[in-house]
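The values are calculated or read from the model by the stated rules, or taken from the named source; none is laboratory data. None of the values given here were measured: they were computed from a predicted structure. Glycine gets a Cβ as well: all are built from the backbone with ideal geometry, and neighbour counts include every protein chain shown.
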């Protein structure tokens, strides 16, 4: 009997947790005087980050922006003081949520930003191709974009194979952050289990268009129906999302000291 009770709890908890995150995200939008129909992407990103907190916000913290920020800073400090791999991972989310509160955005702003990111990535790809025409470069997206979080202030994090760069130079081109690896190191990175779970190949002759497909696909998985219109996106809720924790760190590694 106890076994079946645990099974029921495991099946019910994720739905309950998502419902709480959606409700609290709506409360935050109302507190910020933001209209939900124009901020569906922003709301979904907030709900996703709340889900990654792994603990519900106390109702007392959603009385004002000041009380919410105070609670988030307190939780971030709590995690940082533990100084373990797991607490460092958990401590990212209060900080990310607080940053999102400072910079809200509409769906149309997110749409325009996506076009800017794709254009910047396209220019980077073309410039690299000019250095060695015909070389089969492979690009992998990483970071929040892979996990379904994209907004009007997101950057594209990516890595790629480059036979001319074995020292892993950081390539910053405005809206894109890329790291070049030599072939051996690149292949090792691609095959690493943690990297494989937190990256996605942008295959094809036009990898920049794969970025658009990736963003659209991830939002559809999050239960958003997106239609491109002249002034940006028209976004509607089209189902309930199946969220997952953004935590590729194995449980065995989480208690290790930093």
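Summary of computed values
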| quantity | calculated |
| --- | --- |
| Residues (part of a loop (DSSP other than H, G, I, E, B) and crowded, with 19+ Cβ neighbours inside 10 Å) located in the stretch 155-165 | 162 |
| Exclusive hit being more than 15 Å from the chain's Cα centre (by Cα) and more than 11 Å from residue 141 (Cβ to Cβ), set 220, 187 | 187 |
| Filtered residues of the stretch 36-80 (kept if modelled with pLDDT of 95 or more and part of a loop (DSSP other than H, G, I, E, B)) | 39 |
| One residue from 174, 178, 197, 143 being crowded, with 21+ Cβ neighbours inside 10 Å and within 24 Å of the chain's Cα centre (by Cα) | 178 |
| Evaluation of residue 138 against (1) within 30 Å of residue 191 (Cβ to Cβ); (2) touching a helix residue (DSSP H, G or I) at 6+ places or on another chain (Cβ under 6 Å) (one fails), failing number | (2) |
